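Colleague: Dropping the structure in here first, questions after.
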Amino acid sequence: MNESENLNEQMLDKSTMTSFDHIIINANIATFSAQHGFGIETKDDENKQADSIPYGQLEHAAIGIKDGKIAWLGVHEQIATHLPHYQENKVTDADDKWLTPGLIDCHTHIVYGGNRSNEFEARLQGASYQDIAAQGGGIVATVSATREASIETLFAQSEKRLVALIKEGVTSIEIKSGYGLDLDTERKMLTVARQLGEKHGIHVSTTYLAAHALPPEYKSHMQDRADDYIEQVCEWLPILHSEGLVDAVDGFCENIAFSSDQIRRVFEVARSLDLPVKLHSEQLSDIGGSALVAEYKGLSSDHLEHLSETDIEKMAASNTVAVILPGAFYTLRDTKLPPIEALRKHRVPMAISTDCNPGTSPLTSLLLTMNMGCTLFYLTPEEVLAGSTVYAAQALGLFNKGKIEVGCDADLALWDIARPADLAYQMGLNPIQGIMVQGQWHETI
Ligand code: NIG
Ligand code: FE
């Protein structure tokens, strides 16, 4: 390069640097980006540690943001020389605190009516989740309350749960239907999910979960009409999709819910609409849910306590994320651990999520979920943080979120912590300092 080319490059650098809408300086950054060493693996497994950089961390760094995206990422000193060109309101001094990608809660049922603390009391007296479901409680109890709630009431009740999550750093969330089980109430739930995203300015991915439980009107003394209900589920999906309410399709594949053959029918309709699928699988038994998801190249298979190694291999081949839900395991006092070591061995990406729902996981803290993931399932702090950022994004098919790298959305969380592991270590202390969504600091915090 001759001298004049060199000069041009410097001038270009300067004008690029000073054109940012916002800059964040003096930050320690957990990027979760392979470009910054996160999760890099050499061919030689023994040397793996040597190459990967924990959390993809960059210390004493800075970020330039333009048009809601990360436009530049580098060492603080590089941008510091340009500081006099920035107005005060364009600069955030992170004061050596930690930035992570905005957290992503990739499996929730936060939109529901009523509450099931009565079942919590019953379980404490010995009733099981399956007993309660068989006696007409469980999911169908929430279905009645959700059907009865007006859209305004449903919004107001669900908003409290969303705000609790946002206040702990969540900038993207998945919200499922599945407590309506009729066309109008499924529509009402998905509409509330969309409205929540709009009002709070965070990303909401909606998931159609009408195949969650058999509604009471399809049960009779003689014979349950599960196949008839599944036919309805298949008919409603294109309608709600045409109304712009569905981003993905889910089901509950379990002895107390639907068989893999029944779920397959719903997945066929999803495929015809080009919608991605995911599934509640292998939570209470192994009836082939994850194998089905893998066959449809699904985004994620979720719960997984009873997942077999054969099906783990299928998930690895289809690049399906394993979504681990410690809140449900904890609430149900489950004892069967999900096969974490085998998932690691086969390099299946693992996400974690609150599974916030009124029955098995009345949990609105992704930070506590991280702690549970470590304490109950022996996940590492790096794994649970990756599981609520980069792999949670993958579980939602959001490839421009969940990591801090040039070109990605500027969705960030700023934390007053000494090390990233503090987020999984502390219980009940919220070290959030602020969240940024697509380049704008958010006002909820
Ligand atoms: O993710 N497993 C099925 N669905 C929910 C539970 C819903 C409920 O009990 O209301 C879950 O655990
Ligand atoms: Fe769930």
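The values are calculated or read from the model by the stated rules, or taken from the named source; none is laboratory data. This structure is a prediction, so every number in the text was calculated from the model and none was measured. Ideal geometry is used to build each Cβ from the backbone, glycine not excepted, and the neighbour counts take in all protein chains shown.
Colleague: Regarding region 47-54, can at least one residue be identified that is at pLDDT 95 or above, touching an Asp or Glu at 6+ places or on another chain (Cβ under 9 Å) and within 14 Å of Val390 (Cβ to Cβ)?
Modeller: yes
Colleague: Moving on. Would you call Val323 assigned by TED's automatic domain parsing to the domain that holds Ile173 and within 13 Å of ligand 1 (Cβ to nearest atom)?
Modeller: Judged against the criteria, Val323 is a match.
Colleague: Wholly within region 80-144, which strands (runs of 3 or more DSSP E) include no fewer than the required count, namely at least 3 residues that are modelled with pLDDT of 95 or more and either in contact with a helix residue (DSSP H, G or I) (Cβ under 7 Å, 6 or more places away or on another chain) or within 16 Å of ligand 1 (Cβ to nearest atom) (or both)?
Modeller: Fully inside region 80-144 and qualifying: 103-105.
Colleague: Same structure, new question: How many residues are over 24 Å from Ala392 (Cβ atoms) and among the polar types (S, T, N, Q) when one looks only at region 253-300?
Modeller: Of the residues in that region, 6 qualify.
Colleague: On the given criteria, is Leu429 part of a loop (DSSP other than H, G, I, E, B) and not assigned by TED's automatic domain parsing to the domain that holds Lys167?
Modeller: Criteria met by Leu429.
Colleague: Just name the residue that is surrounded by the fewest Cβ atoms within 10 Å (Cβ to Cβ) out of those in region 200-226 that are among the β-branched types (Val, Ile, Thr) and part of a strand (DSSP E or B).
Modeller: Checking each candidate, the answer is Val204.
Colleague: Could you check region 387-418 and list, in sequence order, the residues that are of a type in the set (D, E, K, R) and under 13 Å from Val321 (Cα atoms)? It would help to see each step written out before you state the result.
Modeller: The first filter runs over region 387-418 and keeps only residues of a type in the set (D, E, K, R), leaving 401, 403, 405, 409, 411, 416.
None; the set is empty.
Colleague: Scan region 92-117 and report the pairs whose first residue is on the phi < 0 side of the Ramachandran plot and whose second residue is among the aromatic types (Phe, Trp, Tyr) and within 12 Å of ligand 1 (Cβ to nearest atom), with Cβ atoms within less than 9 Å and a gap of 6+ or a chain change.
Modeller: Cβ pairs passing all conditions: His109/Tyr179; Val111/Tyr179; Tyr112/Tyr179; Gly113/Tyr179.
Colleague: Next question. Under the condition of being within 17 Å of Phe329 (Cβ to Cβ) and over 21 Å from the mean Cα position of the chain (by Cα), which residue from region 279-296 is modelled with the lowest pLDDT?
Modeller: Applying the filter and picking the extreme gives Leu284.
Colleague: A follow-up question, please. Among the numbered criteria (1) in contact (Cβ under 8 Å) with a residue 12 or more places away in the chain; (2) surrounded by fewer than 17 Cβ atoms within 10 Å (Cβ to Cβ); (3) in contact with a helix residue (DSSP H, G or I) (Cβ under 6 Å, 6 or more places away or on another chain), which single criterion is violated by Pro238?
Modeller: Pro238 satisfies all of (1) in contact (Cβ under 8 Å) with a residue 12 or more places away in the chain; (2) surrounded by fewer than 17 Cβ atoms within 10 Å (Cβ to Cβ); (3) in contact with a helix residue (DSSP H, G or I) (Cβ under 6 Å, 6 or more places away or on another chain) except (3).
Colleague: Would you point out the residue of region 284-304, among those that are within 13 Å of ligand 2 (Cβ to nearest atom) and in a loop (DSSP other than H, G, I, E, B), that is surrounded by the fewest Cβ atoms within 10 Å (Cβ to Cβ)?
Modeller: Step by step, filter region 284-304, then rank; the result is Leu284.
Colleague: Now for a different question. Of the residues in region 335-373, how many are within 23 Å of Ala133 (Cα to Cα) and surrounded by fewer than 19 Cβ atoms within 10 Å (Cβ to Cβ)?
Modeller: The number of residues fulfilling the criteria is 4.
Colleague: Let me ask something else about it. Give region 332-362 a look and list any residue that's in contact (Cβ under 8 Å) with a residue 40 or more places away in the chain, under 17 Å from His306 (Cβ atoms) and not in a loop (DSSP other than H, G, I, E, B), or say none.
Modeller: Met350
Colleague: OK, next. Confirm whether Val249 is within 15 Å of Ala210 (Cβ to Cβ) and outside any strand (DSSP E or B).
Modeller: no
Colleague: For the subset of region 255-283 comprising residues that are closer than 27 Å to Met372 by Cα and surrounded by 20 or more Cβ atoms within 10 Å (Cβ to Cβ), which member is farthest from ligand 1 (Cβ to nearest atom)?
Modeller: The residue in question is Val277.
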